[in-house]
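The values are calculated or read from the model by the stated rules, or taken from the named source; none is laboratory data. Here the structure is a predicted model, which is why all the values come from computation and not from measurement. Every residue, glycine among them, receives a Cβ derived from its backbone with ideal geometry; neighbour counts consider all protein chains shown. Just the protein is used for accessible areas: all its heavy atoms, side chains included, with ligands, DNA and RNA removed. Shrake-Rupley method; radii C 1.70, N 1.55, O 1.52, S 1.80 Å.
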Amino acid sequence: MTPLEAASPVVRLQRPRFVPWYRSSWFDVVQFVVLAGALLWLTVYGARSMGYAWQWQKIPRYLYRVVDGDFILGPLLKGLLVTLNLSWVSMLLAMAIGLAVAMLRLSPSIMGRGLARVYIELIRNTPMLIQILIIYFIIAKIFGLSRFWSGVLCLALYEGAFAAEIIRGAIIAVPRGQMEASRSLGLSTYHTFRDVILPQALPLILPPMAGVMVNLVKHSAIVSVIAVFDLATEARTAIADSFLAFEIWLVTAGLYLVITIALSLVANGIERHYRSNRLR
């Protein structure tokens, strides 16, 4: 090699990476469309095989009505608003309970760790139906809670047990040296967790916590057993009124799906935001 060749930069062009057709994005879209079409066909074929007559034209009045130019919500959309209100209040309370229980699990107090462990094992290993009946017929009568707040308390306690373990696991995953460095700087335990530990644990908390929040929305249908007029309760009432079981349940499932997908998208956006900030 001559000195001129050694001094001159060598530019190597990389060949474009070949992606097999079965790993391409368009093939994923095709698979999704085929699967969705197959499920739709099975639903329609199953209904036809038992002689069911679809009556979708009657569904809009259960969603909304327009009377004299005024937009009036139907029972399903009214129930959806109740479900949304129930869900966001329960979410906030569940995250607060989860954080408090996680701190107790990590505390040096034997009593605190014992109480937190009993709460988690008791809630996670008993049916939610039994929990809401106990809360409504016993605890709510003692403290004068309404049906709505009984449902909120049940959902928050149930999902808070799962949230506590997620938060505890994320805190443990933060390197121990962060805690030791904070103590060497003279930070208190409160400021250490608020300013050092929890900000680093948050990206680890978000993905599984999104699943907990989605489950909370789906589990909110349990409040129908105590006559809270949420989406599931209104759907049952509409079915009893119209006998349109398949149509109303499919619309109800679609409304729940909209809520859960929106929650997942929000959680993914927050997660990407934190990841981009960490890379800067």
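Which is under 30 Å from L231 (Cα atoms) and surrounded by 12 or more Cβ atoms within 10 Å (Cβ to Cβ), of I132, I142, I138?
Being under 30 Å from L231 (Cα atoms) and surrounded by 12 or more Cβ atoms within 10 Å (Cβ to Cβ) holds for just one of I132, I142, I138, which is I132.
Looking across segment 222-247, the residues that are open to solvent by less than 60 Å² (accessible area, probe 1.4 Å), closer than 21 Å to S90 by Cα, outside any loop (DSSP other than H, G, I, E, B) and of a type outside the set (S, T, Y) come down to I222, V223, I226, L231, A232, E234. H219 meets the conditions (1) of a type outside the set (A, V, I, L, M); (2) surrounded by 17 or more Cβ atoms within 10 Å (Cβ to Cβ); (3) farther than 30 Å from V82 by Cα in every case but one. The failed one is (3). Just one of the numbered conditions (1) under 30 Å from G51 (Cβ atoms); (2) crowded, with 16+ Cβ neighbours inside 10 Å is not true of L250: (2). None of F27, F32 is surrounded by 10 or more Cβ atoms within 10 Å (Cβ to Cβ), free of Cβ contacts under 8 Å to residues at least 40 places away in the same chain and within 30 Å of I205 (Cα to Cα) except F32. Of all the criteria given as (1) under 23 Å from the mean Cα position of the chain (by Cα); (2) surrounded by 13 or more Cβ atoms within 10 Å (Cβ to Cβ); (3) not hydrophobic (A, V, I, L, M, F, W, C), the one not satisfied by R61 is (1).
Checking the stated criteria, E180 turns out not to satisfy the condition of being on the phi < 0 side of the Ramachandran plot, open to solvent by less than 60 Å² (accessible area, probe 1.4 Å), assigned to a helix (DSSP H, G or I) and of a type outside the set (S, T, Y).
Where helices (runs of 4 or more DSSP H) fall entirely within segment 95-157, those with at least 1 residues that are touching a Gly at 6+ places or on another chain (Cβ under 9 Å) are at 110-124, 128-134.
When I171 is tested against (1) open to solvent by less than 70 Å² (accessible area, probe 1.4 Å); (2) at pLDDT 85 or above; (3) not in a helix (DSSP H, G or I), only condition (3) is not met.
For a quick check of your reading of the model, give me the residue pairs whose first member lies in segment 150-174 and is of a type in the set (S, T, N, Q), whose second is not in a helix (DSSP H, G or I), with beta-carbon atoms closer than 9 Å and at least 6 apart or on different chains. Within 9 Å, the pairs are S150/V228. Pairing residues of segment 191-210 that are farther than 22 Å from S90 by Cβ with residues that are of a type in the set (D, E) and open to solvent by less than 30 Å² (accessible area, probe 1.4 Å), at Cβ distances under 8 Å and at least 6 apart in sequence or on separate chains, gives P203/E271.
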